[in-house]
Structure formats: C-alpha cells, structure tokens
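> Got a structure for you, questions after.
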Amino acid sequence: DTAVSQTPKYLVTQMGNDKSIKCEQNLGHDTMYWYKQDSKKFLKIMFSYNNKELIINETVPNRFSPKSPDKAHLNLHINSLELGDSAVYFCASSQVPVGALGNEQFFGPGTRLTVL
Amino acid sequence: SQQGEEDPQALSIQEGENATMNCSYKTSINNLQWYRQNSGRGLVHLILIRSNEREKHSGRLRVTLDTSKKSSSLLITASRAADTASYFCATHTGNQFYFGTGTSLTVIP
C-alpha cells in the first residue's frame with residue numbers, strides 16, 4: 001500500500017508548456033505539501049494545504065498553482081515552464097499542520113521534471 | 001533564512017563504525033526533525049526532538065539538541081551499508097519549516 005503517491009514519476013517537456021503533477025495520500029492526513037528539490041539536493045517548501053485550505057505559500061512564481069480537490073489530493077499545475085523549473089518535486093502529508101507539534105511528514109517518491 | 005546547515009557535507013565510513021552528522025540553525029525552534037533520503041527516493045522521517053528535550057534515541061539512532069548553541073547532532077551507531085543515504089535536519093518554528101543542506105553518508109561494506 002503506497003501511503004503518498006505521485007504521478008508521473010518522470011516528466012520531460014519543452015519550455016513554455018503547461019504541465020500538472022498529481023499527488024494522493026491514503027493516510028487520512030489533513031495536511032499536504034509540495035516541495036522542490038534542486039540539483040544540489042536543497043529542499044524548499046512551496047505550498048501547504050490543511051483541510052483543502054492554503055496555509056503556506058512561499059515565494060514561488062505565480063506560474064505554480066496548487067489545487068486541493070479534497071483532503072487526500074493535492075495537485076500542482078505549472079504554466080509556461082522554464083528551464084529553471086527542472087527539479088524533483090515532492091509531495092508530502094502530515095497528520096497535523098506545520099504549526100502543531102508532532103508534525104512528522106510522509107513523502108511521496110518524487111516527480112523528476114526536466115524542461116528542455 | 002532559518003535553513004539549517006549540515007556538517008559535514010559528505011561522510012564516508014567503514015561498515016560497523018559510527019557516523020555523526022551535525023546541524024546548525026539560526027533562530028529558536030519548536031522542534032527539530034531528522035530525515036533520510038535514499039538515492040532517487042522520497043524522504044523518510046527518522047526522529048523528532050522537541051525544543052525542551054536534550055537527547056532522544058531510536059534503535060541505532062541518537063539525536064542530541066543544544067538550543068543554546070542552536071545545533072543538533074545525529075549519531076548512527078554500528079553503521080551498515082544500508083545506511084548509505086543523505087540525511088537532512090528540518091527545523092520547525094511557528095508556521096515555518098526548513099530543511100538543512102544535507103549530509104551525504106556512504107557506508108563502505
């Protein structure tokens with residue numbers, strides 16, 4: 001049973017295209033996240049949703065738009081892809097939000113995005 | 001920024017030896033967590049230590065926290081080849097959550 005799953009695992013696309021990455025968790029968690037990990041393995045939080053409500057929105061270009069149709073899903077849509085968007089994108093979930101104690105996060109396997 | 005810095009960036013040891021990784025951060029925290037990332041995989045939570053705790057153990061892992069020095073260490077005892085991975089600390093302050101720069105550990109069989 002996969003706790004946090006992401007699709008696709010790999011995504012290769014041309015500059016200027018629009019693409020989406022999907023994430024689903026079956027842990028019954030209330031909070032979900034998107035992270036970007038660059039080539040130097042630096043991991044940065046992008047967004048966090050709690051009960052379908054956006055609670056963390058770091059400085060991210062507005063070409064990135066998260067959407068949470070329900071508590072178990074958090075998708076990431078990226079418009080007008082740029083070369084610098086190439087990275088590995090991780091989805092994660094936790095039982096409680098970042099502001100609460102015991103915020104252990106469970107990560108998906110990642111989506112490697114390559115923009116040509 | 002609050003991003004933690006880890007030291008060393010890379011560490012190579014023989015199987016059976018102990019591995020120690022350090023994490024330093026800048027502002028006060030609510031808790032600090034350690035995660036492991038195997039190559040090409042997502043992160044896996046290892047241990048959480050709260051700001052009022054000084055030491056925590058989990059199996060072969062021992063984490064210490066010194067809030068006066070704003071630093072934490074992760075000790076892996078009796079290392080195994082399967083411990084080869086990158087290890088990240090993550091600090092939690094209010095509504096903010098930051099990962100460190102990571103230590104790449106190689107355990108040679």
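The values are calculated or read from the model by the stated rules, or taken from the named source; none is laboratory data. Computed from a predicted structure; not experimentally measured. Quick reminder, even Gly has a Cβ in these numbers, built from the backbone with ideal geometry, and neighbours come from all protein chains shown. These area figures cover heavy atoms from the full protein model, side chains too; ligands, DNA and RNA do not enter into them. Shrake-Rupley method; radii C 1.70, N 1.55, O 1.52, S 1.80 Å.
> Looking only at strands (runs of 3 or more DSSP E) that lie completely in the stretch A:10-116, which have at least 1 residues being free of Cβ contacts under 8 Å to residues at least 60 places away in the same chain and small (Gly, Ala, Ser)?
Result: A:19-25, A:43-50, A:64-70, A:87-94.
Residue by residue, here is whether (1) under 14 Å from the mean Cα position of the chain (by Cα); (2) farther than 30 Å from A:SER48 by Cα; (3) open to solvent by 20 Å² or more (accessible area, probe 1.4 Å); (4) away from chain A (no Cβ under 14 Å) holds:
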residue: B:LEU75; (1), (2), (3), (4): yes, yes, yes, yes
residue: B:TYR87; (1), (2), (3), (4): yes, no, no, no
residue: B:GLY94; (1), (2), (3), (4): no, no, yes, no
residue: B:THR101; (1), (2), (3), (4): yes, no, yes, no
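> So A:ASN50 fits all but one of (1) farther than 18 Å from B:TYR98 by Cβ; (2) touching a Phe, Trp or Tyr at 6+ places or on another chain (Cβ under 8 Å); what number is the exception?
Of (1) farther than 18 Å from B:TYR98 by Cβ; (2) touching a Phe, Trp or Tyr at 6+ places or on another chain (Cβ under 8 Å), only one is false for A:ASN50: (2).
> Moving on. From the list B:SER51, B:SER39, exactly one residue is open to solvent by 60 Å² or more (accessible area, probe 1.4 Å), within 14 Å of chain A (Cβ to nearest Cβ) and closer than 23 Å to A:LEU43 by Cα. Which is it?
B:SER39
> Take the stretch B:14-46 and flag every residue that is within 19 Å of B:THR77 (Cβ to Cβ), not in a strand (DSSP E or B) and not acidic (Asp, Glu).
Scanning the stretch B:14-46 gives B:GLY16, B:ASN18.
> Does the stretch B:50-107 hold any residues that are among the acidic types (Asp, Glu), more than 21 Å from B:ALA10 (Cβ to Cβ) and either touching a Cys at 6+ places or on another chain (Cβ under 7 Å) or not in a strand (DSSP E or B) (or both), and which are they?
Within the stretch B:50-107, B:GLU53 is the sole residue that qualifies.
> Mind telling me which of the residues A:LEU83, A:LEU43 ends up being surrounded by fewer than 20 Cβ atoms within 10 Å (Cβ to Cβ), among the aliphatic types (A, V, I, L, M) and either within 14 Å of another protein chain (Cβ to nearest Cβ) or over 12 Å from the mean Cα position of the chain (by Cα) (or both)?
Working: A:LEU43 fails: surrounded by fewer than 20 Cβ atoms within 10 Å (Cβ to Cβ).
Selected residue: A:LEU83, the only one of A:LEU83, A:LEU43 that is surrounded by fewer than 20 Cβ atoms within 10 Å (Cβ to Cβ), among the aliphatic types (A, V, I, L, M) and either within 14 Å of another protein chain (Cβ to nearest Cβ) or over 12 Å from the mean Cα position of the chain (by Cα) (or both).
> If I ask for residues that are among the aromatic types (Phe, Trp, Tyr) and at pLDDT below 95, which ones from the stretch A:79-105 would you list? Steps first, answer last, please.
If we filter the stretch A:79-105 for residues that are among the aromatic types (Phe, Trp, Tyr), which is where we start, we get A:89-90.
None; the set is empty.
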